[in-house]
Amino acid sequence: MVRFRVTECARVSEHFVCLLDPTERVTSWSREAERLTGHTADDVVGSPFSGLFLVSPPASAAATHAPDGHVGVFVRQDGVHLCVRVRRHALSGKRADIDVPVTVAIAQDDPDAARQGSTELHGALDALPDGIALFGADEGLLHYNMRFDALIGRVEDGLNPGAAARTILAALTRTEWTTEETARPALSKGWSTEILRLGRTLALSWISLQDGRFLLLCRDVTDLRRLENRTRFLEQHDDLTGLANLQGLRLQLGTLCERASGSFAVLYFDLFGFKRINDSMGHAAGDELLRIAALRVRRTVGVGDTVAHIRGNKFALILRSEQGDQAIRRFARMLRSVLSRPLSVLKHEVTVGVAIGVVRFPTDGDDRDTLMSKADVALHCAKGGIDDGICFYDPERDSLRQRRMDLERDLHHALARDEFILLYQPFLNVRSGRIVGVEALIRWRHPKQGLIPPGDFIPVAERMGLMHEIGAWTLETACRQAKDWPDDIMVSVNVSAAQFRHDGLIDNVETALQRTGCPPSRLELEITETAMIDDVPRAACVLKRLREQGIQIALDDFGTGYSSLSFLHSLPFTRIKIDRSFVNDLHGGEGDGAAIIRAITGLCGSLNVVATAEGVETQEQFDYLKGINCSEIQGFLISRPCPAEEIGPFAEKINRSDLPR
């Protein structure tokens with residue numbers, strides 16, 4: 001550090017004042033301080049005083065607070081070195097938790113400066129940006145600065161020398177003050193409060209000084225409070241729509257639940273079509289749509305109702321002006337009607353749909369989080385098209401939703417935990433009376449719910465994107481287990497729509513055959529019409545590659561979809577499976593099902609493909625199908641689905657059994 005002798009320093013005859021808190025940080029910086037040092041208030045307020053100046057030599061604590069101060073050197077911002085005398089006046093308070101002002105005067109090194117303390121102090125107070133009033137030990141007014149006079153204005157009996165602090169404070173705060181230890185505010189203790197005076201918000205602090213005197217600090221905090229209020233408003237409101245935001249909704253809802261002063265409803269609602277408008281017309285259009293929707297909702301609600309914009313196209317409403325389910329439903333219908341009317345967005349007419357979920361306090365919940373959670377459930381239900389887009393919370397629907405969520409969670413781990421199994425249902429060649437193949441049927445062996453059929457979890461797996469992995473496991477497992485059966489028994493594996501549309505299907509089939517050593521001719525893939533109808537050229541390409549490897553292809557559930565003769569002719573099917581619904585409608589050959597089955601079997605004969613009837617359960621059905629030359633049958637009349645280890649023995653004894661011929 002560079003050292004300078006005092007005699008080498010420039011000398012000044014001016015002084016400035018700053019204000020320090022008990023931790024020696026600057027709380028106030030006068031214009032004179034800015035002029036003489038070059039440091040602005042923004043630069044130094046809040047900073048440690050010791051870090052702002054280069055004072056040499058270092059002063060002891062005793063010298064720092066000595067009446068005549070201490071001599072040193074500080075460096076001005078422009079590099080000029082000034083000889084200074086730093087004097088702290090005896091204004092430090094007793095309470096460390098109160099912002100106690102400490103006046104610091106910096107002037108030239110003058111041996112007689114200590115005798116000028118009182119005059120200098122008054123000048124220092126006048127230079128401060130805050131209002132200051134100094135009272136003697138007898139609580140009589142000694143001095144106040146010009147800022148104090150400007151902030152306070154006229155008071156009863158005036159700000160005359162010797163005026164009692166109690167009189168001045170009573171006029172300002174409209175409270176009776178005393179020095180006695182009573183329930184009323186005592187002057188002997190420090191305190192802080194805020195008052196409204198002349199249209200401004202003023203912060204008053206009464207400070208007891210070490211020398212027995214008192215200090216009343218008056219600070220204008222109007223702009224600060226306005227900023228705080230604005231910040232608080234923005235924390236709880238959406239800047240785009242002016243409505244309450246999620247935090248504001250949570251606070252309001254929490255308050256209402258705690259008070260429990262009456263019943264109310266919470267409505268969650270979504271605007272369908274918002275994303276389309278936002279994506280196609282731009283974010284400005286999306287913002288305008290939200291503003292218009294918010295305005296319409298405001299005009300619809302009653303006094304005491306709270307509207308919130310939660311996020312994106314999602315809104316909420318705390319409805320207190322309507323009571324009873326019928327009245328709430330009428331209001332919800334009106335709200336849907338209001339929001340569904342055409343809107344003019346950036347000179348374009350647009351429309352949106354609305355779904356509304358409703359929960360009631362305290363019927364559906366008596367705390368904020370429960371109500372918000374159940375409102376989401378009700379909204380999800382409404383978005384499913386139930387009750388014309390308005391859905392009240394229903395515990396049974398919620399239970400179904402929860403079970404569906406549990407199922408999805410468990411399904412994620414089912415494959416890794418080896419919870420899937422395959423059962424096999426044989427199909428019989430009607431003419432030879434022999435078992436010629438089996439259909440692999442997947443089941444989920446849930447650890448708690450037991451055996452779950454595919455209709456309950458396959459759609460969920462498709463929605464979750466898990467069918468590619470589950471399908472690959474099914475293919476490989478079926479091919480491996482088929483190796484233990486007689487060579488003339490084929491295994492037929494269902495391929496879901498999602499699995500068929502996946503580009504990895506052929507690779508999965510080839511991998512399963514290679515790993516298990518199963519001949520391609522013993523593998524059949526069952527595919528529904530709906531899996532192929534959207535892209536017939538692609539389906540033809542995939543099936544052609546599979547047939548070139550010797551794999552059999554079955555068209556499953558024929559007659560229930562949209563197949564045409566050209567569809568059948570263009571795809572290389574080796575089997576057509578007649579849906580069980582037609583078999584159930586045979587009615588001794590007189591029903592519509594009988595006519596459809598006769599047509600299908602005739603078509604299969606013409607195309608030289610096998611016709612297999614599913615769901616055969618009675619001797620009457622078997623006899624009719626045999627009479628019209630249906631090639632194969634499958635159903636409970638032949639066998640229920642059974643484990644892989646039972647297929648071989650069942651096929652061996654089939655000719656000795658009492659099965660129909």
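Look through the range 383-413, keep the residues that are touching a residue at least 40 places away in the same chain (Cβ under 8 Å) and crowded, with 16+ Cβ neighbours inside 10 Å, and return whichever of them is farthest from L317 (Cα to Cα). Out of the qualifying residues, it is L411. The range 500-583 holds helices (runs of 4 or more DSSP H) entirely within its bounds, and those carrying 1 or more residues that are open to solvent by less than 60 Å² (accessible area, probe 1.4 Å), aromatic (F, W, Y) and within 20 Å of L607 (Cα to Cα) map to 565-570.
The set of residues from the range 594-620 being part of a loop (DSSP other than H, G, I, E, B) and surrounded by fewer than 14 Cβ atoms within 10 Å (Cβ to Cβ) comprises just one member, N608. Taking the range 270-340 and the helices (runs of 4 or more DSSP H) fully enclosed by it, the elements with 3 or more residues that are surrounded by fewer than 18 Cβ atoms within 10 Å (Cβ to Cβ) and in contact (Cβ under 8 Å) with a residue 12 or more places away in the chain are at 283-300, 325-340.
Being assigned to a loop (DSSP other than H, G, I, E, B) and within 24 Å of L256 (Cα to Cα) holds for only one residue in D364, D369, D376, and it is D364. The condition (being touching a strand residue (DSSP E or B) at 6+ places or on another chain (Cβ under 7 Å), of a type in the set (A, V, I, L, M), modelled with pLDDT of 85 or more and closer than 30 Å to F269 by Cα) is satisfied by just one residue among A440, A414, A382: A382.
If we scan the range 276-292, do we find a residue that is in contact with an Asp or Glu (Cβ under 6 Å, 6 or more places away or on another chain) and not aromatic (F, W, Y)? No, that holds for no residue.
Within the range 225-251, the set of residues being over 30 Å from A285 (Cα atoms) and touching a residue at least 12 places away in the same chain (Cβ under 8 Å) comprises R225, L251. Filtering I452, I356 for residues that are surrounded by 13 or more Cβ atoms within 10 Å (Cβ to Cβ), in contact with a helix residue (DSSP H, G or I) (Cβ under 9 Å, 6 or more places away or on another chain) and within 28 Å of V338 (Cα to Cα) leaves a single hit, I356.
Tallying residues that are crowded, with 18+ Cβ neighbours inside 10 Å and free of Cβ contacts under 8 Å to residues at least 60 places away in the same chain within the range 421-442 yields 2.
Candidates in the range 178-211 are the residues that are modelled with pLDDT of 80 or more and not in a strand (DSSP E or B); of these, the one that is most open to solvent (accessible area, probe 1.4 Å) is L198.
Within the range 19-31, the set of residues being out of contact with any Lys or Arg (no Cβ under 9 Å at 6 or more places or on another chain) and either open to solvent by 70 Å² or more (accessible area, probe 1.4 Å) or assigned to a loop (DSSP other than H, G, I, E, B) (or both) comprises D21, T23, E24, R25, S30, R31.
The values are calculated or read from the model by the stated rules, or taken from the named source; none is laboratory data. Because the structure is predicted, anything quoted here is derived from the model rather than measured. Because the Cβ atoms are built from the backbone with ideal geometry, glycine has one as well, and the counts that use them run over all protein chains shown. Heads up: the accessible areas ignore ligands, DNA and RNA and are worked out on the full protein's heavy atoms, side chains in. Shrake-Rupley method; radii C 1.70, N 1.55, O 1.52, S 1.80 Å.
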